[in-house]
Structures are given as structure tokens and as C-alpha cells.
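Shown next, in C-alpha cells, is the structure this report addresses.
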Amino acid sequence: MTAWESTERDVELRPAVYPDAAAAGAAAARAVAELVRTALAERGQARLIFAAAPSQEEFLTALRVQPDIDWARVRALHMDEYIGLPDGAPQSFAQWLRDRLPPLHLEPITPGDDAAAEARRYADAVRREPIDVTCLGIGVNGHIAFNEPDQCDFEDPEAVRLITLDETSRQQQVDDECFSALEDVPREALTLTVPALLSASSIIGVVQGEHKAPAVARMMTAPVGPGCPATALRTHPDVEIFLDTPAASLLP
């Protein structure tokens, strides 16, 4: 499933830094659009994985207006979904993306009453055909998707897992104004695993805000391993990271 060889590699990331979130998001959108055009020209279709988070707003806004893309031939998956939200909840990641993505086909994660069965179904969807691009962000604790520190496996044989959310991740949802109080944030979710995210031919990351600067610094300098899940990006041969200036403030 993976497009990368081994977590033994350690590729130096060279983030591109922009004055603000809008500029970083626009640059990332142009990069993704070019990858989509290439996939459409070569294979007649494109498959992408998207993150659902406020940090992706500017990127998705810019992606919707990229020219010369037949979005009808683009298929999308998303990285994670809460377990236990009522149907139609605005905090649903699938719903959040439906409201913001270009007019492509999104395959939603729908945990329902049987999260284990949905994990198997969605894993089959992930593996069905090659993934061209994973479009991701980084959490304040260094997570990618909901692969939490010291809970993830860089060699996980599964594509989708049921996980328990780190308290830092739950608080981030409140700080991002997705939920009004910590007790409202679900404690469990389904997430694509690290190997599933890295199975894409290319990875585009968008990170913004001073509150993400420590996680960005750890991504760049911490030992590659589950203590900082974002360090897994250093094991992939084709990664581009787009930062605004505050997110890059702790880099050398």
C-alpha cells in the first residue's frame, strides 16, 4: 500500500514560509492543483485525502478556484471522523469538508453503530486504488489525522483504526471553536493510520498559527517516531510543507 520504502529514511524537510495563512494556503492549493492535473492527464482520474480543520480553510478556499481541473473525475477521502456524533452534526468532518471542497466526489466515513465494521469498509476504500495526494495539517501535539503521540504505529498493517483522542487534541477542538466545551468533544474517532496517509505519491501540508510553532519545530528536529507523529513525514520522499510566518517562528 505504501509509496515510501521505510521509516528508516530521514528526509530533510524544507518548509516554504509565507507572510500569512492566506498566502500559504494559496501556494499549497496551486501545488495540489498541479498534482491533480498531472494525475488526470496520466490516469484520467485523481484520488486525494483531505484533512478537516480550521487550519485548512484558506487552502480549500483557494483550491476551489484553481483553473483547468475537471473535478468530476476527482475522488476524495478524509482522514478521520468522530464516533458518537448525531447525524448531521456540524462538527462532523465529512460535513465540514462537503461545505468547503470543490465539486468532487467525497467518500465519507460513517461510523454509525458499528465503528469496527466501518473501519474495515473505509480501509477497503483507501486501498482500492492509488492515492495521488494527501493534504494534511499538524495538530498542536504533533498528530497527523488523529494519530496521537505514543499511540500510533509507523508500520501499522491496518489502514484505518479506532482510537482514543488525546486530551490535547480534544482541547484543540474547543480552542478552534468547533465545540463549546471539552465535555462536548467525543473521546473516540476513526482515523487513517500513518502508513495510509503516507501511501500517497505526494504529501502537501499546510500549518498556520503561532500555537502550532512548537509542533512544527518538533516535526523538523525530534527523533523520527511515534512520540511526534508528524516526524513520519520525514520518511516520505515527496513532501511539501507550507507555513505562515507565525507557524515557522521557532525554526532556525
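Couplings 3J(HN,Hα) of the stretch 81-90, computed from phi: 7, 5, 9, x, 6, x, 4, x, 4, x Hz, in residue order, whole Hz [Karplus 6.51 cos²θ - 1.76 cosθ + 1.60, θ = phi - 60°; x for Gly and Pro]. Computed per residue of the chain from DSSP H runs no shorter than four, each worth -39500 (n - 2.57), the mean residue ellipticity at 222 nm is -8500 deg cm²/dmol.
Coupling constants for the stretch 21-27 follow from the phi torsions by the Karplus curve (6.51 cos²θ - 1.76 cosθ + 1.60, θ = phi - 60°), and in residue order they are 5, 5, 5, 5, x, 5, 5 Hz; glycine and proline get x.
In this rough spin-label picture, where each label sits 7 Å from Cα along the Cβ direction, the Arg9-Glu129 distance is 2.5 nm. Collect residues whose amide H, placed 1.01 Å from N in the peptide plane, falls under 5 Å from the amide H of Ala189; neighbours closer than 5 in sequence don't count. Distant-sequence amide H within range of Ala189: Ile83, Ile163, Leu165.
Taking all Cα-Cα distances within the stretch 57-163, those exceeding 16 Å account for 65%. Between Arg43 and Arg100, residue separation times 0.36 nm minus the direct Cα-Cα distance comes to 18.0 nm. Quick one: 3J(HN,Hα) in Hz for the stretch 215-231, Karplus 6.51/-1.76/1.60 with θ = phi - 60°, rounded, Gly and Pro as x. The phi angles translate into 5, 4, 4, 5, 4, 7, 10, 5, x, 5, x, x, x, 9, x, 5, 5 Hz. For the peptides 84-95, 68-79, the ranking by mean Cβ contacts within 10 Å, running from highest to lowest, is 68-79, 84-95. Each peptide in 157-170, 110-123 was scored by the mean count of other Cβ atoms within 10 Å over its residues; highest first, the order is 157-170, 110-123.
Seen from every direction in turn and averaged, the convex hull around the alpha carbons of the stretch 16-244 projects onto 11.4 nm².
Label-to-label distance, Glu210 versus Leu250, with points set 7 angstrom from Cα along the beta-carbon direction: 1.3 nm.
Near Gly205, the amide H atoms lying under 5 Å from its own belong to Leu136, Glu240, Ile241, Phe242; only residues 5 or more places off or on other chains count, and H is placed 1.01 Å from N.
Remark on Asn147: its backbone amide H falls under 5 Å from none of the residues 5 or more positions apart or on other chains, H modelled at 1.01 Å from N.
Coordinate-derived values only; no laboratory data. Just so it is clear, the model here is predicted, and its values are computed rather than measured. Every residue, glycine among them, receives a Cβ derived from its backbone with ideal geometry; neighbour counts consider all protein chains shown.
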